[in-house]
Amino acid sequence: MKTQPFHLSLAIAGGVTLASMIALNSHMAFFSSPLLASWVAHGIGAVVSLIVLMIASILIGKKISLLPKTKTPIWAYLGGIPGAFTVILAAITVNSPLGLSGSLALIMAGQVLFGLVCDSFGLFGLAKRAMNSNDFIALMLMVAGCLMTLFGRG
């Protein structure tokens, strides 16, 4: 399947959004606690999601169902758990000597590494995709970039 520019743009926008979220939540955690920052982030996220859902429903001209169309495995509803831990852990690391760029570099490396594991074993219902030499090279370059980000500040 060919990658579309639209999908690449959405992925980059997701990265910018994630970095913004981590920076803002970490700032809040600095003045309160990582746990409170996570609660506030998810509470505001839920409200914004409902507003977006209502606006989309109006624009489309029909009610958008909140119920799944097919039987959803119970474990699929647990995505909020790693989301909460992401906010908490990122808030702690950004407010450490790692800073925002070091935290983001390591978070991204962890995401890619775990993504390759998920693809390789077909975890979470994903189609199995064997890791190839390009994946390994990309991972090594990411690790090198992380090391440069962390230790190259001279």
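Which residues, taken from region 38-50, are open to solvent by 90 Å² or more (accessible area, probe 1.4 Å), among the aliphatic types (A, V, I, L, M) and within 30 Å of ALA109 (Cα to Cα)? Result: ILE44, single match. In a residue-by-residue description of region 45-67, the property of being hydrophobic (A, V, I, L, M, F, W, C), closer than 28 Å to ILE137 by Cα and outside any helix (DSSP H, G or I) applies to no position.
Checked against (1) assigned to a helix (DSSP H, G or I); (2) farther than 23 Å from ALA29 by Cα; (3) β-branched (Val, Ile, Thr), THR72 passes all but condition (1). Picking from residues in region 1-37 that are hydroxyl-bearing (Ser, Thr, Tyr) and more than 17 Å from LEU100 (Cβ to Cβ), the one that is surrounded by the fewest Cβ atoms within 10 Å (Cβ to Cβ) is THR3. Does ILE137 satisfy being out of contact with any Cys (no Cβ under 8 Å at 6 or more places or on another chain) and either over 30 Å from PHE30 (Cα atoms) or free of Cβ contacts under 8 Å to residues at least 60 places away in the same chain (or both)? Considered against the rule, which asks whether it is out of contact with any Cys (no Cβ under 8 Å at 6 or more places or on another chain) and either over 30 Å from PHE30 (Cα atoms) or free of Cβ contacts under 8 Å to residues at least 60 places away in the same chain (or both), ILE137 comes out as yes. Of the residues LEU116, LEU106, the single one that is open to solvent by 70 Å² or more (accessible area, probe 1.4 Å), under 16 Å from the mean Cα position of the chain (by Cα) and within 23 Å of ALA19 (Cα to Cα) is LEU106. Residues of region 51-80 that are open to solvent by 100 Å² or more (accessible area, probe 1.4 Å) and of a type in the set (S, T, N, Q): THR70 alone.
The values are calculated or read from the model by the stated rules, or taken from the named source; none is laboratory data. Note that the structure is a prediction, hence the values are computed from the model and not measured. Positions of Cβ are backbone-derived with ideal geometry, glycine not excepted, and every protein chain shown enters the neighbour counts. Ligands, DNA and RNA are stripped out before the accessible areas are found, and what is left, the full protein with its side chains, is counted by its heavy atoms. Shrake-Rupley method; radii C 1.70, N 1.55, O 1.52, S 1.80 Å.
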